[in-house]
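The values are calculated or read from the model by the stated rules, or taken from the named source; none is laboratory data. Remember, it's a predicted structure, so these values are computed and weren't measured experimentally. Positions of Cβ are generated from backbone atoms using ideal geometry, with glycine treated the same way; all protein chains shown enter the neighbour counts. Note: accessible area is taken over every heavy atom of the protein model, side chains too, but ligands, DNA and RNA are not part of it. Shrake-Rupley method; radii C 1.70, N 1.55, O 1.52, S 1.80 Å.
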Amino acid sequence: MAGNEVVLLEEDLIKNHAKTEQPVGVNGSGGGGGGGACATKPHIRTFKDFKSKLRQLGNEEKAPSSTLKLEYAKVPQRLRSNVKDTKVYYEPQVMSFGPYHHGKPKLQVGETLKLKLVATYFQVFHQSEDNIYEIISRDIKALRKCYNWKSTEKYTDEELSVMLLVDGCALLWYILCVCVCGYFLLEEFSIKYQDLSRIQQDTLLLENQLPYQLLHNLMTQTNMPNDAWIVIFQEFFRMLTDESLFQQNQKPEKESKSCHHLLDLYRKKFLGDESSYPTHWEKAIVKLGTGLVEDLKEQVMASFRNVKELMAAGIRIKRSQTRHLRDISFHSNGITACLRIPPIAIDSSTKTLFLNLIAYEMRSDVPHDFISYLCFLDSLIDHDDDVKELQSTGILQNNLGTHEQVAEFFNTVSSNLESNCYAYKDVRIKIRKHMKSHYNSRLKMWMTQCLDTYFGSPWTIIAWVGAALALFFTAVQTYFAVFHP
């Protein structure tokens, strides 16, 4: 896995270098008198040209990029081609939000349901349709730019404003009802139980997102504080994934303002704190400090091992104290070591969620942090035995099926992904050093084997303690029998 990352890193550097190269004077154009020579041999530059090029590149880095990727882009075609039944994983099944899947015949039931939700939204919050429409239409130009222009060009500003009004109000009221009212929603709006589960999945599809600015503007009209809405979102996420991490207080107001949509908010909560997680070259180089060359060498050579191989080298796998995906750590005491990984539940809906998180990171400018986590976990799982070990330690909660199905799930989902080369850098380097130290010392290998054989389970420890006590009491009895008749 590490070797693939290095190759991808080199390819990215080559691509970035190629992008900075501008053709000069093709067919005599683009230059004055001295342009002809440069046109035939663009690799030859004067020292003046060299300094000018450096200043130009420096200005480009300081200036804001005009080619930022859309945060509401569609799923990449190469991802669709690698996944069977793409409509199941990437397209809404009951309810559409936004223009990408609006008006599809199979979603007509969802359109009717959205109107019922909107009517209740206006009634409960005492909102005026004219007021909400005015708020949305005021920002419709900016909201239109959030989406691919081919998907919005067929809608006028009024039509797009009405669409976002219905979708935004329906989404907020649906989430509020699910978290507060629960099964009351089934009776009030005649929603089937299986459709309720599908709608919840629809809300976190990449191509089914609404701009968070739109949701924020609507939330301010409900007279409910923003923090209250974020708590509701966290409860909604917890219901989707059955994870307790969303119940923790993580300064919701600051996080929500920097979010693009609900999927982005979910991703931030899922990953956890990024303060100790370097995602850029500059941060990583600063952290490496004086050991840059040696640590880079260790990182390049740090190939992941599956769970069984790590355990054979005296590395124990345990749960992290939190469920945040960034909370992966490694500690070695010389003979044995401990790799801590956050627990995660795998079920039938997990693949849909994972695939959309992958698509979001690939089509936006956010770091590939979730992709890096999947690649790390996939490196630990080669066979069903690895899944069994992770499940026995409480790291994997298997609600999907057999151990073989879970192993295939991770190997399939994380295939051909480009992870962040600095993700979990410290952990990989420490694992590499521990493995090298272990296999270079016969004493450590022998001690590890003894620990696994004689102290690998509570039963063997109890047996050793019992045998030691029996020997002790036998020795005491013999002593008193000999010296104190």
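Things worth noting here:
- Residue that is surrounded by the fewest Cβ atoms within 10 Å (Cβ to Cβ) [pool: residues in the range 72-127 that are polar (S, T, N, Q) and touching a residue at least 24 places away in the same chain (Cβ under 8 Å)]: N82
- Here L160 clears all of (1) closer than 28 Å to A359 by Cα; (2) surrounded by fewer than 18 Cβ atoms within 10 Å (Cβ to Cβ) except the condition numbered (2).
- When each of S415, S419 is tested for being of a type in the set (S, T, N, Q), under 30 Å from A359 (Cβ atoms), at pLDDT 70 or above and touching an Asp or Glu at 6+ places or on another chain (Cβ under 7 Å), the lone residue that passes is S419.
- Residues of the range 329-341 satisfying the condition of being surrounded by 20 or more Cβ atoms within 10 Å (Cβ to Cβ) and either under 14 Å from the mean Cα position of the chain (by Cα) or under 18 Å from L271 (Cβ atoms) (or both): I341
- Among the criteria (1) acidic (D, E); (2) over 18 Å from the mean Cα position of the chain (by Cα); (3) closer than 20 Å to L263 by Cβ, the one D369 does not fulfil is (2).
- Filter result for the condition that a residue is crowded, with 19+ Cβ neighbours inside 10 Å, at pLDDT below 80 and over 28 Å from the mean Cα position of the chain (by Cα), over T453, T448, T460: T448
- L172 vs. criteria open to solvent by less than 60 Å² (accessible area, probe 1.4 Å), aliphatic (A, V, I, L, M) and in contact with a Lys or Arg (Cβ under 8 Å, 6 or more places away or on another chain): no
- The set of residues from the range 75-115 being among the charged types (D, E, K, R), farther than 18 Å from F189 by Cα and in a helix (DSSP H, G or I) comprises R78, R80, K87, K106.
- Residue list for the range 399-422, restricted to those being at negative phi and in contact with a Lys or Arg (Cβ under 9 Å, 6 or more places away or on another chain): L400, H403, F409, T412, V413, Y422
- Cβ-Cβ contacts under 7 Å between residues 6 or more apart (or on different chains), taken from a first residue in the range 316-328 that is under 7 Å from L339 (Cα atoms) and in contact (Cβ under 8 Å) with a residue 60 or more places away in the chain to a second residue that is of a type in the set (K, R) and open to solvent by 50 Å² or more (accessible area, probe 1.4 Å), are listed as K318/R340.
- Counted residues, the range 186-225 - those being in a loop (DSSP other than H, G, I, E, B), of a type in the set (A, V, I, L, M) and free of Cβ contacts under 8 Å to residues at least 60 places away in the same chain: 1
- Cβ-Cβ under 9 Å pairs, at least 6 apart or on other chains, the range 395-412 side farther than 25 Å from Q321 by Cβ and modelled with pLDDT of 90 or more, far side open to solvent by less than 30 Å² (accessible area, probe 1.4 Å) and of a type in the set (A, V, I, L, M, F, W, C): none
- Condition met for I317 (open to solvent by 10 Å² or more (accessible area, probe 1.4 Å) and either hydrophobic (A, V, I, L, M, F, W, C) or within 16 Å of F237 (Cα to Cα) (or both)): yes
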